[in-house]
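All remarks here apply to the structure that follows.
FYI, it's all coordinate maths here, none of it is from the lab. This structure is a prediction, so every number in the text was calculated from the model and none was measured. Positions of Cβ are backbone-derived with ideal geometry, glycine not excepted, and every protein chain shown enters the neighbour counts.
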Amino acid sequence: MKERKRRNTKTTLLSLLLAFSLLPWAASCKKETEKTKVADYGTYGADFALELAKEFPYRSAYSAGEAGAGTLIRNELEKIGYKVESQAFSSNGKNSENYIVRITGEGFMQRDSSGEYSKVKKTVVIGAHYDSPISYDQRYNYPNYDGIQNNACGIGALMTIAKEMYGKKYGYDVIIVAFGAGSSNYQGASYFLNSLTEEEQKKIECMYCIESIYAGDKLYAHAGLSSLKDGKKYSFRRKLYEAYDVAYENSVYSQTGVDLNYNMSLLSFDVDGDNKTDMYREVTKVKSDFVPFDKASIPVVFFESSDYNFSKMEDMKETKNLALQDNNGAIRGTALDSSATLKEALDADRLKVRVNVVAFIVVKAVEKGSQNCVTVSAYEAGETLEPTAQPKKKTQQSSSDESSST
């Protein structure tokens, strides 16, 4: 009996020692899990969106409210550490500004059809407008309005992207733009695009546009209408599919509860006005600051929230939420576009989570780089591409195999 007690005591001591020795390992695993949690950006973007909406609720294009909102954005970008370019423009004697930050990329080594590599520079533009469609003169008809949906939430995501990208290096040259006068036929976006030379425009591989991601029932990403042109569907939707890859590969839905949706409507009609019937899928009739880029045949990815699960085009709406049906499910441009109203009608974390998810997807998509390319630094470190265009370590043998396979 004594011997059994001694054995039990030894077993207990060994178990305790083993448990204590595993504690650091368990803690490190927990820390690693915490590190890899996606879109874990805190409340920064949502807080900034709410501040913008509260401080300048009536910020229509060319107004004093818009100017104040622009200054708030500029100051915040400078606080992050950026040198901010103010791009003034006017329309019909009225003035507005774009606020631009540029992150110079290292460039890519692009492989051609013969397997040879050459250095190229490519650009991505990430933008959202900061004005709203309701003016100060309309305040009595829109007493609680503050434009949180259109488009303070989009600016919240843009600022989160800027914050997350600060001090980092990408293959792309990244241009982040807060557009003025978006509600005035996208004047800020048009002016910015037209300020670029033809060569600079040709280097733009994608324009990411963010608007109204908060109050709609589901989060969507769309390609531009230019992707409906013959022979353009895949090449003009590649970056859209890449955004969905980011969401899938990082288990965004399971970790955040937010899914990135396609417009999977089964409707067929002339979507883009070219007298040809199109499938109304992976695109939208909703317009935003991506329009000038789309018209210039630059691929776009447009993030917004709405609900496309209807059998008729005229039935589609932003939300089916019964508390938000005063305008037949529309939020943008209505009195329902109010932080106070939406806070009561929607789940408490929706603004924060939607802002962070969109920011995460854009940042990770930029990190993915360009097709048939590796970054200059990766190439110099010995990375080349498999025939499937996936990075691999370059060896003498693989380099030879690559040349013969292409």
Express the relative contact order of the range 40-371 as a whole percentage, based on alpha carbon pairs under 8 Å and six or more residues apart in sequence. 22
Can you tell me the convex hull volume per residue for the range 210-283, based on C-alpha atoms, in Å³ to the nearest whole number? 105
Suppose we keep just the alpha-carbon trace of the range 95-137; what are its Rg and Dmax in angstrom? 19.1, 63
In Å, the C-alpha Rg and Dmax of the chain are 24.8, 100
Exposed-site-free run, longest, the chain (rule: trypsin sites (Lys or Arg not before Pro); DSSP loop; at most 10 other C-beta within 10 Å): 84-311
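Viscosity 0.890 mPa s, temperature 25 °C: Stokes-Einstein D of the range 172-329 from its Kirkwood Cα radius, in µm² per second?
Estimated via Stokes-Einstein, D reaches 147 µm²/s.
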Would you compute the Debye intensity of the range 113-229 from its alpha-carbon atoms alone, equal scatterers and no solvent, and pass along log10 I(q)/I(0) at q = 0.11 Å⁻¹ to two decimals? -0.48
Within the set 54/352; 121/203; 317/352; 229/285, which residue pairs have Cα atoms separated by over 18 Å? 317/352
Is any residue of the range 123-140 close enough, with backbone N under 19 Å, to a label point placed 7 angstrom from the Cα of residue 79 along the Cα-Cβ axis, and if so, which? 130-131
The range 319-380 and the range 109-140: distance between their alpha carbon centers, rounded to Å: 16
What is the distance, in nm, between label points placed 7 Å from the Cα along the Cα-to-Cβ direction at residue 383 and at residue 371? 1.9
Of the candidates 292, 57, 143, which one comes out as most mobile in a Gaussian network treatment of the chain with C-alpha springs shorter than 10 Å? 143
Taking a straight Cα-to-Cα line shorter than 17 Å from residue 168, and setting aside same-chain aspartates and glutamates fewer than 8 residues away, one finds 78, 106, 367
Amide H contacts under 5 Å for residue 126, placed H, 5+ residues apart: 175, 176, 177, 208
Between 0 and 90°, nearest 10: helix 233-249 axis offset from the chain longest Cα axis: 50
Taking the 0 to 90 degree range and rounding to the nearest ten, how far is the long axis of helix 2-35 tilted relative to the main principal axis of the chain, both from C-alpha atoms? 30
What's the angle, to the nearest 10 degrees (0 to 90), between helix 64-80's Cα axis and the longest principal axis of the chain? 20
